[in-house]
Amino acid sequence: MREATRAWTESYPAMEYRHGPISIAAPSTVTWMFGSAPAGLGEQVAATGARWVVSALDPLADLVSVHRLAAAVAAERGLDPDRPRHLTRSVILGEG
């Protein structure tokens, strides 16, 4: 998300989020839970006004949703998600 859309994103273990980063949650933010949430975390996030997103998918399957969202946001912003600015390829595979 960050590189493809130039949007500020962070990831945290759920219990760490609860005891620090939740302080920046607001109506303009989204908290996307991957996997099972600790009891009460959804309610705590909702109380900040932030959007709480959780699904029944396996966390690895949720990554597909993140990639699709990143591609859609990049397109809306006129960005090429395959060519983030200032980044170079770190791995180049040889032809087989």
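The values are calculated or read from the model by the stated rules, or taken from the named source; none is laboratory data. Predicted model only: the values in this text are computed from it and were never measured. Here the Cβ is made from the backbone with ideal geometry for all residues, glycine too, and neighbour counts use every protein chain on show. Surface accessibility is based on the protein's heavy atoms, side chains included, excluding ligands, DNA and RNA. Shrake-Rupley method; radii C 1.70, N 1.55, O 1.52, S 1.80 Å.
Annotations
- The three principal axes of the C-alpha atoms in the stretch 52-96 carry coordinate ranges of 39, 30, 16 Å, sorted with the longest axis first.
- Spin-label pair residue 57/residue 3, simplified geometry with 7 Å Cα→Cβ offset, distance in nm: 2.0
- The chain, relative contact order [Cα under 8 Å, separation at least 6], %: 34
- Apolar share of the accessible surface for the stretch 1-74: 60 percent from carbon plus sulfur atoms, 1.4 Å probe.
- Long-range amide H partners of residue 53 with built H, under 5 Å: 31, 32, 33
- Placing +1 on each Lys and Arg Cβ and -1 on each Asp and Glu Cβ, with no other charges, gives the chain a dipole about its Cα centre of roughly 280 debye.
- The chain - accessible surface per residue (Å², probe 1.4 Å): 76
- Prolate/oblate/rounded label for the chain (Cα gyration tensor, a/c 1.5): prolate
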